[in-house]
Amino acid sequence: MTVTLREAQAKDLDALVRLEEVAFEGDRFSRRQLWHLINRANAHVLLVETPERRLLGHGILLFRRSSQRVRLYSFCVHPEARGMGIGRQLLESLEQEARRRGGERLTLEVRADNRAALALYRRMGFSLQRWLEDYYEDGCAGWQMEKPLGQTR
Ligand SMILES: CC(C)(COP(=O)(O)OP(=O)(O)OC[C@H]1O[C@@H](n2cnc3c(N)ncnc32)[C@H](O)[C@@H]1OP(=O)(O)O)[C@@H](O)C(=O)NCCC(=O)NCCS
């Protein structure tokens with residue numbers, strides 16, 4: 001499937017809220033949180049969409065001024081568009097953006113029962129770093145994962 005990637009703007013809020021509703025079963029961002037993320041200088045909200053501008057997924061990076069560690073804060077693909085390589089493409093672009101802004105490591109947290117995401121992250125070179133007991137709102141544990149971004153200085 002041909003897709004395009006671009007940074008989110010305030011006008012994308014409605015579509016982002018709808019995507020959160022269908023893509024996640026819990027731990028969703030509110031409209032207000034998404035608005036802040038779009039407008040924060042230390043966040044990067046990347047969208048993937050069809051040529052007709054139908055939103056298929058999003059990924060959010062958080063940067064910290066004093067750190068070369070970039071956090072993948074949220075990441076999802078619309079249920080109807082899964083299994084087509086869009087997640088991988090989105091993650092590759094997010095890694096590129098993290099590298100472009102000087103990131104040396106990309107970290108994330110993932111539910112321990114999220115087999116699809118764990119498989120994707122492992123395939124993309126992330127390794128398990130730390131077990132996070134009782135991490136999610138329903139009590140599910142998580143994994144912290146990390147990938148070196150291979151910056152050449
Ligand atoms: C995780 C998610 C983003 C994957 O997106 P996707 O577009 O379906 O993934 P891709 O098609 O790019 O798949 C890439 C790799 O991920 C793994 N993968 C994807 N879906 C999988 C599944 N259902 N079961 C096992 N592995 C899977 C595979 O390794 C796959 O590589 P392969 O096709 O060469 O075998 C998507 O399932 C999703 O949005 N889930 C709900 C939200 C979520 O869990 N976000 C992550 C929060 S940490």
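The values are calculated or read from the model by the stated rules, or taken from the named source; none is laboratory data. What you are looking at is a predicted structure, and each value in this text was computed from that prediction instead of being measured. Backbone-built Cβ (ideal geometry, glycine too); neighbour counts: all protein chains shown.
Tabulated data
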{"item": "Unmet criterion (only one of (1) touching a residue at least 24 places away in the same chain (Cβ under 8 Å); (2) more than 10 Å from the ligand (Cβ to nearest atom)) for Glu80", "result": "(1)"}
{"item": "Lone unmet requirement of (1) crowded, with 20+ Cβ neighbours inside 10 Å; (2) more than 6 Å from the ligand (Cβ to nearest atom); (3) assigned to a strand (DSSP E or B) for Phe75", "result": "(2)"}
{"item": "Residues that are closer than 18 Å to Arg88 by Cα and either under 14 Å from the mean Cα position of the chain (by Cα) or polar (S, T, N, Q) (or both), drawn from the range 47-66", "result": "Leu47, Val48, Thr50, Leu56, Gly57, His58, Gly59, Ile60, Leu61"}
{"item": "Scan of the range 90-107 for residues that are free of Cβ contacts under 8 Å to residues at least 60 places away in the same chain and either in contact with a Lys or Arg (Cβ under 8 Å, 6 or more places away or on another chain) or within 12 Å of the ligand (Cβ to nearest atom) (or both), ordered by number", "result": "Leu91, Glu92, Leu94, Glu95, Gly103, Glu104, Arg105, Leu106, Thr107"}
{"item": "Positions within the range 1-19 being touching a Leu at 6+ places or on another chain (Cβ under 7 Å), assigned to a helix (DSSP H, G or I) and not acidic (Asp, Glu), in sequence order", "result": "Leu13, Ala15, Leu16, Val17, Leu19"}
{"item": "Filter result (among the polar types (S, T, N, Q) and within 11 Å of the ligand (Cβ to nearest atom)) within the range 113-140", "result": "Asn114"}
{"item": "Test for Leu5: is it at pLDDT 95 or above, surrounded by 11 or more Cβ atoms within 10 Å (Cβ to Cβ) and within 15 Å of the chain's Cα centre (by Cα)", "result": "yes"}
{"item": "Residue identified as more than 8 Å from the ligand (Cβ to nearest atom), closer than 30 Å to Trp131 by Cβ and in a strand (DSSP E or B) among Val48, Val22, Val110, Val70", "result": "Val70"}
